[in-house]
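J.: This is the structure I want to talk about, given as structure tokens.
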Amino acid sequence: MDTVTLSRAFFGTSLAFHIIFATLGIGISFMVFLSEVMHQLKKDNDYAIMAKRWTKSVAILLGVAIPSGTIVAVQLSLLWPGFMKIVGEVISVPFQVEIFAFFLEALALSIYVYAADRLPPNMRILSVFLVFLGAIGSAILITSANTWMNTPAGFDMAADGTIYNVDPWKAFFNPSFLQTSYHVSVSALMVGAFAVASVAAYRLLKRDSPPQAKSLHYKALTLSLVVAFFMSLLTALSGHGSGQNLQQHNPEKLAAAEGLFETQRYAPLAIGGYVDPETHKVKYGIEIPYLLSFIAGNRFDTEVKGLYEFPEETWPPFYVHTLFNVMVGIGTLLLLLAGLGLYYRWKKKRHYPKWLLRSFIFSGPLAMLGIEFGWIFSCSGRQPWTIYGYQTTAEAATRAAHVGFLLILFAIVYAVLSVLVTIVMISYFKRHPVMDDIEQFSKSQVVKGG
Amino acid sequence: MAGSVDFGASFWAMIYRNHETQAGNMANRFLSPTWEITNTILVLMVVAVVAFFPQAAFMFGTILLVPLSLILILILFRSSFMVFSYSVEGFQRTLKWVSGLTGLLVPVLLISALPITEGGFVTIQGGYETLQMTKWLSSPSVYIYMLFGLTSELFLSSLFLADYARESEERDAYQIYRKQAILFGPLSLLMAALTVPLMEPEAAWLISNLEANRGWFLFSVVLFVIGYSALWWSKTGKPRVAVVFVASQYAVATFAYGKSHLPYMIYPYLKVDDAFTNLDTFYSLLSVLIVGMAILLPGFLIFWRLFLKDRRYLQKKE
Ligand code: HDD
Ligand code: HEM
Ligand code: HEM
């Protein structure tokens, strides 16, 4: 493989690893915040226990999110020096602001984790809210840089590559910034909620849990399903907005996502299958007439551009069709699943059927997969461009040797760390079963009451 | 400096893990809430280089791919193992070893990049700047810089922990760290002095600049002497005074070194002026920096009071 391909593989691997921990950090810290609020509202200790236990997992996850984020930040300069030269000139502001989000998050988390016992409840809620704010702020700010790559703005480039007329704030608020950050944020909250739901459902299915523990997991499941349902809904709606954004600003990405070659009105939506590179048709997919036009412009007669409109060397790879389908498929499936859960909880009786609990177990990993596919779609769908219309990936990439060796080394390190995190999580929660917390809390209640 | 204190502290936590005094625990207690902040400062540095000197990021990125990647792996292991070691009682010993040793290595590797900017290690190959690995790995200049990094790290962290121990009223731990500071202070100064005669011939330009700034370096040595002697003031020493003076010493010396390094960022390929970003971006960055710092300042103050001053935290026994 050449250095460019290796660099792409290397960077993609690092981000795919980072994003798991970063996204869970955002989503679960939001759940901690909600359970702290519920604790104050309902005065039910179970919520305080949830907050305490989830915080522990956030702390462990951020222990990997932060160094792996440091890695991607440095790797941007190492692997894409050509890209970072332009970034430094134009879009360095979000990176700089992001540092403050990191500081905010680091300060608030240390305070929440190590000083919780010295804080009054309101300050506790405030500090965990700041943790969440810092985390989601980081995500939104990095997304600003990413959206600028998709829809560059705020500068001009001379024929020799010199940058002039720089307007950093226009670059920051580039045309797809608001829409995309919205989609990124709600999908992260969706992942956090489903992750909590997965664990709670697993615990509820275990036969040997004592009734007090079951009641706690039951509340956790219900809380997470409510959040998961609303966030799935918002994710789907905002994803629709992102699609319309593509129609306006990156039409070849949308065309490749849908395997559409001819520009047309009343364009059909192709679900599943793959794009045949010979015949330029979607094979083995289901076509729903008119739907793509409607999605792209809210009208059946919207004209959707096909790939033939663009020179062939700027076509994105055809596999993005599958990436896009998987993301949308997961979104639809999880929305239905969460809706079904709420239906059983409120319309029927108070029990979730066993088969439903079993399927909840898979919801967290699936949601995470949705995030991974979404990002890889967004980044690969931009190919061959790194900065759409301005710089190709080959121009951005490093010329240094040894990239392949480093890729293998890092892949091994990531694999080892993933195993370690899993072991640490499991062994921590094995040593500190939920009953310990329940007993401890009821004891301190007795002391206070008596 | 923050890095030295932080990385050094995890080394001391390893050394004194089984010590009967509170020395090891204390280093840990300081580390638990602060490592994230230190890591963020590290990222701030990287981002600032890219933001203010995009051209430098381009060149550093190309030259330093391998050394920086190795540092990254060490940081990844250190941070995550530190977090893990608070969570898993079982493997705490191994985890402390990993975080202690990586803590020792990271600053050493980081500073080994410094001689690269001084000339002699970079050649142009196929139109791009490339690092000469074998020369870099075999140069005495690089190794003396590494020793300087190592001794500075241990000096700064032991001095800081001595002050922290005083604040926590841990007498034994204070004596231990004071002793280490007394040992490593002169060593670090000696190493710093040795870097000059051992520089590569290509760095001759820097030596003459360093001599031109002799006054500043003398001033920093005076600050060191005052700070160092404070370890004996009023019998048991005044660690707070020592910290302040030694921090100023490093600040002055860094300033003088930076001044001597001008106008080059990477000799002879890159000058500071050419690397600098455009004015619009510069002003936005500057205003963002000021506003951000102003907003976060209260946060740092609260943090300081909770972890570095509050007696309830300082005197918690493990
Ligand atoms: C739980 C995760 C998740 C789920 C269920 C969905 N998305 Fe998504 N999507 C993301 C997570 C995500 C993401 C990871 O956050 C992306 C990657 C880059 C970005 O901007 O957001 C993304 C990107 C992304 C883009 C590309 C934006 C761009 O490249 O500029 C489009 C068009 C959609 N999404 C549309 C949808 C639709 C119509 C969905 C229907 C339900 C959907 N997404 C579900
Ligand atoms: C090129 C892409 C990215 C870079 C350069 C990057 C950089 C970083 C860095 C340097 C950190 C460590 C911060 C610290 O020291 O405290 C970090 C953490 C984090 N990142 Fe990323 N990141 C990237 C992609 C993303 C994405 C796509 C998301 C989310 C959608 C994200 C969300 C987070 C979160 C939530 C944290 C941890 C919480 C925090 O410290 O604020 N990052 N990232
Ligand atoms: C966190 C989720 C992300 C994932 C999983 C991801 C994944 C990928 C992948 C797989 C590639 C290689 C593309 C290909 O070979 O087809 C890539 C390229 C790239 N991504 Fe992303 N990406 C993410 C977010 C970001 C963000 C937030 C930024 C910007 C700040 C970014 C910047 C880049 C750059 C500069 C490249 C290399 C040039 C290019 O291929 O266009 N990525 N990413």
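The values are calculated or read from the model by the stated rules, or taken from the named source; none is laboratory data. What you are looking at is a predicted structure, and each value in this text was computed from that prediction instead of being measured. When we count neighbours, we look across all protein chains shown, and the Cβ atoms used for this are built from the backbone with ideal geometry, even at glycine. With ligands, DNA and RNA removed, areas are computed over all heavy atoms of the protein, side chains included. Shrake-Rupley method; radii C 1.70, N 1.55, O 1.52, S 1.80 Å.
J.: Chains A and B: buried accessible surface, both sides, probe 1.4 Å, rounded to 100 Å²?
T.: Chain pair A/B: roughly 5900 Å² of buried accessible area.
J.: List, in order, the whole-Hz ³J(HN,Hα) value for each residue of the range A:387-394 obtained from phi through the Karplus relation with A = 6.51, B = -1.76, C = 1.60 and θ = phi - 60°; use x for Gly and Pro.
T.: 10, 3, x, 10, 9, 8, 4, 5
J.: Where nothing but the Cβ of Lys and Arg (+1) and of Asp and Glu (-1) is charged, how large is the charge dipole of the range A:35-145 around its Cα centre, in debye to the nearest 20?
T.: In total the dipole reaches around 280 debye.
J.: Rounded, prolate or oblate: which fits the range B:68-227 when a ≥ b ≥ c are the square roots of the eigenvalues of the alpha-carbon gyration tensor, with rounded for a/c under 1.5 and prolate only if a/b beats b/c?
T.: Because a/c hits 1.5 or more and a/b fails to exceed b/c, the range B:68-227 counts as oblate.
J.: Using the structure shown, list the pairs from A:K354/A:K430; A:K430/B:K96; B:K179/B:K238; A:K43/A:K206 with a Cα-Cα distance above 20 Å, or answer none.
T.: Distance filter (> 20 Å) returns A:K354/A:K430; A:K430/B:K96; A:K43/A:K206.
J.: Positive end of the dipole of the protein assembly as shown, charges at C-beta (+1 Lys, Arg; -1 Asp, Glu), about the Cα centre: which of B:I37, A:I49, A:V304 has its Cα farthest in that direction?
T.: Ranked along the dipole, the leading option is A:I49.
J.: While we're on this one: Would you list which aspartates and glutamates come within 15 Å of A:K52, measuring only between C-alpha atoms, while excluding same-chain residues fewer than 8 positions from it?
T.: Answer for A:K52, where 15 Å is the Cα cut-off: A:E36, A:D44, A:D117, A:D436, A:D437, A:E439, listed by chain and number.
J.: Between A:H240 and A:I423, what is the spin-label point distance in nm, taking each point 7 Å from the Cα along the Cα→C-beta axis?
T.: 4.8 nm
J.: Tell me which residues come under 5 Å, amide H to amide H, from A:L269 once H is placed; ignore anything under 5 positions away on its chain.
T.: A:I288, A:Y290, A:L291, A:L292
J.: Suppose R0 equals 30 Å. What FRET efficiency, 1/(1 + (r/R0)^6) with r the Cβ-Cβ distance, do A:D160 and B:V291 give to the nearest 0.05?
T.: 0.30
J.: Let me ask something additional. Beyond 20 Å, how much of the Cα-Cα pair distribution for the range A:239-385 remains, as a whole percent?
T.: Considering the range A:239-385, 52 percent of its Cα-Cα pairs are separated by more than 20 Å.
J.: About its Cα centre, what dipole magnitude does chain A give when the only charges are +1 on Lys and Arg Cβ and -1 on Asp and Glu Cβ, stated in debye to the nearest 20?
T.: 2660 debye
J.: Let me ask you something else. Report in % the part of the accessible area of the protein assembly as shown that belongs to carbon and sulfur, leaving out ligands and nucleic acids; probe 1.4 Å.
T.: Using a 1.4 Å probe with all protein chains present, the protein assembly as shown comes out at 67 percent carbon and sulfur.
J.: Between the helical axis of A:177-205 and the dominant principal axis of chain A, each derived from Cα atoms, what acute angle in degrees is found, rounded to the nearest 10?
T.: Between helix and principal axis, roughly 40 degrees.
J.: Separate question: Size of the dipole of the protein assembly as shown about the Cα centre, Lys and Arg at +1 and Asp and Glu at -1 on the beta carbon, nothing else charged, in debye to 20?
T.: Charge dipole, the protein assembly as shown, about its Cα centre: 3720 debye, nearest 20.
J.: Between helix A:45-79 and chain A, what is the angle of the helix's C-alpha long axis to the longest principal axis, kept within 0 to 90° and rounded to the nearest 10?
T.: That works out to roughly 30 degrees.
J.: Relative to the longest principal axis of the C-alpha atoms of chain A, give the angle of the C-alpha long axis of helix A:354-380, reported between 0 and 90° and rounded to the nearest 10°.
T.: 30 degrees
J.: Provide the per residue accessible area, probe 1.4 Å, for the protein assembly as shown, rounded to a whole number of square angstrom.
T.: Accessible area per residue: 43 Å².
J.: Whole-Hz Karplus ³J(HN,Hα) for the range A:236-253, in order, using 6.51 cos²θ - 1.76 cosθ + 1.60 and θ = phi - 60°, x for Gly and Pro?
T.: 5, 4, 6, x, 4, x, 4, x, 5, 4, 4, 3, 7, 10, 10, x, 5, 5
J.: Sticking with this structure for a sec: When the Karplus curve 6.51 cos²θ - 1.76 cosθ + 1.60 is applied with θ = phi - 60°, which whole-Hz ³J(HN,Hα) does each residue of the range A:400-415 get, with x for Gly and Pro?
T.: 5, 7, 6, 5, x, 4, 5, 4, 5, 4, 5, 4, 5, 4, 4, 5
J.: Name the residue from A:P94, A:L34, A:Y266 whose Cα lies farthest towards the positive end of the charge dipole of the protein assembly as shown, charges +1 on Cβ of Lys and Arg and -1 on Cβ of Asp and Glu.
T.: A:L34
J.: Going by amide H atoms built from the backbone, whose H comes under 5 Å of the H on A:G306, apart from near neighbours?
T.: HN-HN under 5 Å from A:G306: A:T263, A:Q264.
J.: Please name whichever of A:S14, A:V184, A:Y112 sits farthest to the positive end of the charge dipole of chain A, dipole taken about the Cα centre and charges placed at Cβ: Lys and Arg +1, Asp and Glu -1.
T.: Result: A:Y112.
J.: Using a 1.4 angstrom probe on protein heavy atoms only, which residues from the range A:54-84 are buried by at least 40 Å² of accessible area when all chains are present rather than their own chain alone?
T.: So the qualifying set is A:G63, A:I66, A:P67, A:T70, A:I71, A:V74, A:S77, A:L78, A:P81.
J.: Spin-label point model (7 Å from Cα, Cβ direction): what's the B:A193 to A:Q40 distance in nm?
T.: 6.0 nm
J.: Please list, ordered by chain and number, the residues whose modelled amide H lies under 5 Å from the amide H of B:T236; skip anything fewer than 5 residues away on the same chain.
T.: none
J.: Between beta-carbons, use under 12 Å as the cut-off and find the net charge around A:K170, counting Lys and Arg +1, Asp and Glu -1.
T.: -3
J.: Okay, moving on. Suppose we take every Cα in the protein assembly as shown and form the convex hull; what volume per residue is that in Å³?
T.: 172 Å³
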